[in-house]
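Here the structure comes first, spelled out in structure tokens, and everything after it is commentary.
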Amino acid sequence: MNTYYSRLGRLLDEKTPIYQEGYYVMCEGDEAKFSPEKPEGVELISAEAFIHALVEGCKFVIQSFAEGPDNKNVYAFNLYADEHNSYYIYMNTLDRFEKTLEKYRGGKYGDKYQKDSEVLSLKYSQGDFGFQLFPDDMGESSRIIRAFENLAYTVMDLDEDDCLSEEDEPVIAFEAGILKDGFNLLTLKAAAQLIEENAFAPLQRTEDFIAFAATGNDYVDYSLTMRKTIDLDLFYRLFPDVKEKDALFQAEIDKTAGLSVSEALDYWLPAVHSDYVPESPAQYIKFEYDLFMRLECYSNSLARECLERLKKFDWNEPLERNDYELIAYYQEALHFAGELTEDQRENCIALAEQMTDSNEDLQEWANTLLAIART
């Protein structure tokens with residue numbers, strides 16, 4: 001079971017802090033190192049500094065575009081950070097959209113683009129936007145954004161035991177939490193700050209102009225990130241299919257009213273486990289986080305139930321694939337149970353010790369429980 005996107009949802013909704021101890025450092029020779037302490041004598045990029053770089057870089061792009069011949073009827077601006085830690089800026093105008101639509105209608109599948117739903121989908125398909133810009137187009141900010149991209153790529157397989165030493169020549173350092181998915185939240189904050197500062201004023205915008213951050217996952221973007229910077233009435237007017245899906249999802253939630261915590265855990269498990277079941281969040285343009293949020297109402301009773309279920313595993317016996325999926329599910333659900341009692345924290349620590357003692361392959365799971373206990 002992949003609970004990555006639920007964790008991403010927690011980060012984007014600021015239910016889980018992005019802060020992580022330590023720093024990632026790029027050294028001479030494009031060699032990355034980890035430093036548990038604040039490195040001295042090197043440019044240090046904090047979360048606030050990274051947001052500032054994104055905002056200023058976007059302002060530079062906006063102003064440059066505004067001074068060009070295409071600045072008319074701009075209807076969308078998107079700051080995009082994908083799962084590979086790469087940054088892009090997408091913009092589109094009605095003129096470019098009409099030309100793209102004309103091209104598609106004249107193609108092999110032209111009949112498809114006579115449908116209103118397909119036209120709308122094309123209009124907001126970032127890959128079909130007329131203007132795609134890169135960090136190199138972001139003025140002075142390009143240096144920091146490119147440094148982030150290079151460092152993020154280099155540290156993907158970095159062992160954190162490979163620490164900065166006296167022999168290394170550090171060039172630039174980033175707070176560790178930025179690289180560990182925290183950049184998605186900072187991208188969202190940058191988009192919100194651009195709106196707050198009226199940074200899009202130089203653009204000749206349409207009345208339904210929207211600006212948003214994107215993760216590259218449509219379910220995450222339509223369910224969460226876009227709604228952070230787009231007024232809900234406008235959002236529903238632009239995306240009526242999403243409004244319809246929201247109503248259907250709410251109807252699905254209403255079916256669970258009155259379920260016990262145990263019954264609710266069992267009810268949502270298949271939907272989190274697979275995209276190929278009737279309850280799958282994907283059919284409602286939702287993602288795993290939306291399902292775990294349905295468990296939040298059970299508060300501490302959710303923690304009690306999850307811990308009791310985790311205690312039933314025999315950590316000394318080989319685990320089946322389904323066992324790993326259940327462990328991931330119960331551990332992720334613990335994040336939605338509110339503050340744990342002292343006894344529950346001790347239970348998490350005891351379970352983590354049992355995992356570590358019985359099977360080294362369970363170290364990651366043990367670390368997760370320890371992190372929950374310390375939250």
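Taken over region 168-205, the criterion of being small (Gly, Ala, Ser), in a helix (DSSP H, G or I) and touching a residue at least 40 places away in the same chain (Cβ under 8 Å) is satisfied by Ala176, Gly177, Gly182, Ala190, Ala191. The criterion of being of a type in the set (Gly, Ala, Ser), buried (at least 16 other Cβ atoms within 10 Å of the Cβ) and under 16 Å from Lys228 (Cβ atoms) holds for Ala192. Among residues of region 140-164 being more than 15 Å from Gly22 (Cβ to Cβ) and more than 23 Å from the chain's Cα centre (by Cα), the one that is surrounded by the fewest Cβ atoms within 10 Å (Cβ to Cβ) is Glu140.
The one condition from (1) open to solvent by 60 Å² or more (accessible area, probe 1.4 Å); (2) among the aromatic types (Phe, Trp, Tyr); (3) under 28 Å from the mean Cα position of the chain (by Cα); (4) over 20 Å from Asn184 (Cβ atoms) that Tyr109 does not meet is (3). Filtered by the rule that a residue be open to solvent by less than 20 Å² (accessible area, probe 1.4 Å), touching a Ser or Thr at 6+ places or on another chain (Cβ under 8 Å) and within 21 Å of Ala271 (Cα to Cα), region 207-261 gives a lone residue, Asp221.
Residues in region 339-375 that are open to solvent by less than 50 Å² (accessible area, probe 1.4 Å) and in a loop (DSSP other than H, G, I, E, B) were compared, and the one that is modelled with the highest pLDDT is Leu340.
The residues of region 289-318 that are crowded, with 17+ Cβ neighbours inside 10 Å, part of a loop (DSSP other than H, G, I, E, B) and more than 21 Å from the chain's Cα centre (by Cα), listed by number, are Phe313, Trp315. Within region 118-141, residues that are polar (S, T, N, Q) reach partners that are open to solvent by 30 Å² or more (accessible area, probe 1.4 Å) and assigned to a helix (DSSP H, G or I) with beta carbons closer than 7 Å, at six or more positions or on different chains, in the pairs Ser141/Glu56; Ser141/Phe60. Filtering Glu48, Glu56, Glu98, Glu40 for residues that are free of Cβ contacts under 8 Å to residues at least 12 places away in the same chain, assigned to a helix (DSSP H, G or I), within 30 Å of Thr154 (Cβ to Cβ) and not polar (S, T, N, Q) leaves a single hit, Glu48.
This table checks each residue for (1) within 30 Å of Cys27 (Cα to Cα); (2) within 12 Å of the chain's Cα centre (by Cα).
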| residue | (1), (2) |
| --- | --- |
| Val171 | yes, no |
| Lys189 | yes, no |
| Ala199 | no, no |
| Gln204 | no, no |
| Gly216 | yes, yes |
| Leu224 | no, yes |
| Phe239 | no, no |
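Given the criteria among the charged types (D, E, K, R), modelled with pLDDT of 95 or more and touching a strand residue (DSSP E or B) at 6+ places or on another chain (Cβ under 6 Å), does Glu98 qualify? When the stated conditions are applied, Glu98 does not pass them. When Gln132 is tested against (1) open to solvent by less than 50 Å² (accessible area, probe 1.4 Å); (2) polar (S, T, N, Q); (3) assigned to a strand (DSSP E or B), only condition (1) is not met. Each residue in region 135-167 was checked for being out of contact with any Ser or Thr (no Cβ under 9 Å at 6 or more places or on another chain) and assigned to a loop (DSSP other than H, G, I, E, B), and 12 of them qualify. I'd like the full set of residues that are hydroxyl-bearing (Ser, Thr, Tyr) and farther than 24 Å from Pro270 by Cβ, limited to region 1-31. Within region 1-31, Thr16, Tyr19, Tyr23, Tyr24 qualify. Residue count for region 61-95 satisfying the condition of being of a type outside the set (S, T, N, Q), surrounded by fewer than 18 Cβ atoms within 10 Å (Cβ to Cβ), in contact with an Asp or Glu (Cβ under 9 Å, 6 or more places away or on another chain) and outside any loop (DSSP other than H, G, I, E, B): 1.
Here's a check for you: in region 1-37, which residue that is assigned to a strand (DSSP E or B) and open to solvent by 30 Å² or more (accessible area, probe 1.4 Å) is modelled with the lowest pLDDT?
Restricting to residues being assigned to a strand (DSSP E or B) and open to solvent by 30 Å² or more (accessible area, probe 1.4 Å), the top hit is Glu31.
The values are calculated or read from the model by the stated rules, or taken from the named source; none is laboratory data. On a predicted model such as this, the values are computed, not experimentally measured, just so you know. Glycine also receives a Cβ, built like all others from the backbone with ideal geometry; neighbour counts cover every protein chain displayed. Just the protein is used for accessible areas: all its heavy atoms, side chains included, with ligands, DNA and RNA removed. Shrake-Rupley method; radii C 1.70, N 1.55, O 1.52, S 1.80 Å.
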